[in-house]
Amino acid sequence: LSNDIKIVATCPSKKIAEYLKNEFQIENVIITEETGNPSTNEIINQITNCKTKNILVLTDDSNIILSAEQAADFMKDRYDVSVIKSKNIIEVINACLVFNSEKSVAENTRAMNRSIRKQDSALLSTSVKTSKFNGVHVEKNDFIGIYDKKIVLAEKNSEIAVINLIKKLRDKNKKAQVMYIIYGSGISLREIRNIEKFVNENYGTKCILIDGGQKLYKYYIGVA
């Protein structure tokens with residue numbers, strides 16, 4: 001085993017896996033869209049595939065954290081494994097941005113956790129039923145904005161929903177300098193351009209658009 005430091009990450013789609021590979025040279029990625037949350041064994045297999053003693057495991061969903069921690073615990077006699085408890089793909093990307101292959105697992109863990117704390121993110125999904133959450137009336141097939149684990153808005157039109165969700169994120173993060181927008185399958189290029197134009201005209205924030213092709217969440221939005 002080498003003494004290099006490598007990352008194992010989970011992510012929701014093949015396109016996002018390619019993005020992580022191209023941007024951050026992460027080879028060991030578990031795509032969750034088709035198979036659901038990975039087992040402890042799957043994470044152990046990816047750790048072993050790294051062929052190094054020093055591993056950072058980044059999860060893209062809070063439901064995966066326990067399996068990742070069990071994998072790290074199982075491997076602790078031979079490996080130095082740290083689990084970064086990232087809760088969505090925006091947090092994974094923000095953690096990767098500060099990764100330094102020259103530093104130790106502990107130093108990278110501290111830097112990555114700091115980076116995650118500094119960012120903020122929201123998700124856009126589609127409702128499967130009519131209901132009411134926190135005073136927000138939601139009808140089946142509405143586009144629903146999720147922020148701080150709460151449903152904060154529901155709209156019939158995805159573009160309006162995203163713009164309103166961006167407003168809520170920016171109201172809380174007025175000093176944010178970068179906005180990440182990861183859009184899923186079935187989103188038109190016209191809609192993306194309109195959203196980008198809205199961000200540029202209203203906030204002057206650098207806007208990074210990523211075609212994620214994911215199915216579950218129509219959009220991941222993050223600011224840092």
**Request:** Report the net charge of residues surrounding ALA68, where surrounding means a beta-carbon distance below 14 angstrom and charges are Lys +1, Arg +1, Asp -1, Glu -1.
**Result:** -3
**Complete:** If one builds a Gaussian network model of the chain from Cα atoms under 10 Å apart, the most fluctuating residue listed among SER127, SER67, SER158 is SER127
**Request:** Please list the non-local residues whose amide H lies under 5 Å from the amide H of LYS218, H modeled 1.01 Å from N, same-chain partners needing a gap of 5 or more.
**Result:** LEU124, SER125, THR126
**Asked** Excluding ligands, DNA and RNA, what is the solvent-accessible area per residue of the stretch 68-163 at a probe of 1.4 Å, expressed in Å²?
**Response** 54
**Complete:** GNM on the chain, Cα springs under 10 Å; top mean-square fluctuation among ASP61, ASP211, ASP171 goes to ASP171
**Asked** Share of the stretch 47-117's accessible area from carbon and sulfur, percent, 1.4 Å?
**Response** 43
**Request:** Compute the signed sum of charges (Lys and Arg +1, Asp and Glu -1) over the other residues within less than 15 Å, Cβ to Cβ, of GLY36.
**Result:** -4
**Asked** Which of the residue pairs LYS14/LYS197; LYS15/LYS150; LYS103/LYS167; LYS149/LYS175; LYS87/LYS140; LYS51/LYS206 have a Cα-Cα distance greater than 31 Å in the structure shown?
**Response** LYS103/LYS167; LYS51/LYS206
**Item:** Using alpha-carbon coordinates, inclination of helix 158-172 to the longest axis of the chain, degrees
**Value:** 70
**Prompt:** Among ARG114, ARG78, ARG170, what's the order by accessible area (1.4 angstrom probe), most exposed first?
**Reply:** ARG78, ARG114, ARG170
**Item:** Pair ILE163, LYS51: separation of 7 Å Cα→Cβ label points (nm)
**Value:** 5.2
**Asked** Taking square-rooted eigenvalues a ≥ b ≥ c of the alpha carbon gyration tensor, is the stretch 1-121 rounded, prolate or oblate, where a/c under 1.5 means rounded and, failing that, a/b exceeding b/c means prolate?
**Response** rounded
**Request:** Rounded to the nearest 10 degrees, what's the angle between the helix 65-75 long axis and the longest principal axis of the chain, both from Cα atoms, 0 to 90?
**Result:** 10
**Antiparallel content of DSSP bridges confined to the chain, in %, to 5** = 50
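Applying a 10 Å radius around every beta-carbon, put 51-59, 128-136 in order of their mean neighbour count, most first. Present the calculation step by step, with values, prior to reporting the outcome.
On the way: 51-59: 21.8, 128-136: 11.0.
Taking the mean over residues of other Cβ atoms within 10 Å, the ranking is 51-59, 128-136.
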**Message:** If I fit a long axis through the Cα atoms of helix 40-49 and take the longest principal axis of the Cα atoms of the chain, what angle between them do I get, 0 to 90°, rounded to 10?
**Reply:** 60
**For peptides 173-182, 148-157, sequence by mean Cβ density within 10 Å, most packed first** = 173-182, 148-157
**Fill in**
Highest GNM mean-square fluctuation among ILE16, ILE144, ILE26, for the chain with Cα springs under 10 Å, belongs to ILE26
**For MET112, net neighbour charge (Lys/Arg +1, Asp/Glu -1) across residues whose Cβ lies under 12 Å away** = +4
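Rounded to the nearest angstrom and ordered from largest down, what semi-axes does the equivalent ellipsoid of the stretch 127-224 get from its C-alpha gyration tensor (root of 5λ)?
For the stretch 127-224, the ellipsoid semi-axes come out as 22, 16, 11 Å.
Could you tell me what % of all Cα pairs in the chain have separations over 24 Å?
Of all Cα-Cα distances in the chain, 45 percent exceed 24 Å.
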**Request:** Would you mind getting me the FRET efficiency between LYS215 and ASP73? Use the beta-carbon distance for r and R0 = 35 Å, nearest 0.05.
**Result:** 0.65
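The values are calculated or read from the model by the stated rules, or taken from the named source; none is laboratory data. Please read these numbers as outputs of a predicted model, since none were measured by experiment. Note that we place each Cβ from the backbone using ideal geometry, even for glycine, and neighbour counts take in every protein chain shown. What goes into the accessible areas is simple: the full protein's heavy atoms, side chains included, and nothing from ligands, DNA or RNA. Shrake-Rupley method; radii C 1.70, N 1.55, O 1.52, S 1.80 Å.
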